[in-house]
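Presented below is the structure to which this report refers.
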Protein chains: 2
Amino acid sequence: MANDNTVFIGSKPPMNYVLAVITQFQNGAEEVCVKARGKAISKAVDVAEIVKNRFMENNLEIGPIEIGTQQLDGKEGGKLNVSTISLTLKSKGKEIKNPTK
Amino acid sequence: MANDNTVFIGSKPPMNYVLAVITQFQNGAEEVCVKARGKAISKAVDVAEIVKNRFMENNLEIGPIEIGTQQLDGKEGGKLNVSTISLTLKSKGKEIKNPTK
């Protein structure tokens, strides 16, 4: 269930992913999982914090937060270790604030 | 107690901070707290994962992991929101691996 509601953080601006998360909640998801690896980890934390502070204040619980290491194939056949993060966002209510107010 | 054993992640290479963490454990700390904000958040996760996988395999528990937002004074008097992370590393034993083997 949680895997169906996963947002992978890539190279787009943070607001794109914030909107993706909000959309999932508006479509009835109770949990959204935000995942990232490497340099995008900082952006994943930004996305979770923006959703919480600007859109769903007091209605969002963040956690558990899990980190790990993924082994990718590097250039010339080597192996590359990349850190990963997974943040579970749980809605505690249905109200989503209008960020323009 | 945990606050005494805090490693703040800055702009140096990850290995500098890995060694700072290992040194704290070797000096008898049971818990070391790794903190970072902004872009350094990815590096903080790297540091925790390197300590766990290369130096203290099976002897380190990572968690709780907490995230937050800090308001800094921006240029021209504005306010700047910066994400923060705090990773608690707990030693489950005294053995620290020799990473050169």
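Among the conditions (1) within 12 Å of chain A (Cβ to nearest Cβ); (2) on the phi > 0 side of the Ramachandran plot; (3) open to solvent by 70 Å² or more (accessible area, probe 1.4 Å); (4) not hydroxyl-bearing (Ser, Thr, Tyr), B:Asn81 misses just one, which is (2).
Scanning the stretch B:41-68 for residues that are more than 7 Å from chain A (Cβ to nearest Cβ), crowded, with 19+ Cβ neighbours inside 10 Å and within 18 Å of B:Ile85 (Cα to Cα) yields B:Lys43, B:Ala44, B:Val47, B:Ile50, B:Val51, B:Lys52.
Filter the strands (runs of 3 or more DSSP E) completely within the stretch B:1-86 down to those with at least 2 residues that are acidic (Asp, Glu) and under 24 Å from A:Gln70 (Cβ atoms). Give the derivation first.
Working: elements: B:6-8, B:31-37, B:60-73.
Ranges flagged: B:60-73.
Can you confirm whether the stretch B:30-40 contains a residue that is open to solvent by 40 Å² or more (accessible area, probe 1.4 Å), under 15 Å from A:Val45 (Cβ atoms), within 14 Å of chain A (Cβ to nearest Cβ) and in contact with an Asp or Glu (Cβ under 8 Å, 6 or more places away or on another chain)? No - not one qualifying residue is present in the stretch B:30-40.
The values are calculated or read from the model by the stated rules, or taken from the named source; none is laboratory data. Fair warning: this is a prediction, and the values are worked out from it, not measured in the lab. In this analysis, Cβ positions are derived from the backbone assuming ideal geometry, glycine residues included, and neighbour counts consider all displayed protein chains. Accessible surface is based on the protein model in full, side chains and every heavy atom, while ligands, DNA and RNA are left aside. Shrake-Rupley method; radii C 1.70, N 1.55, O 1.52, S 1.80 Å.
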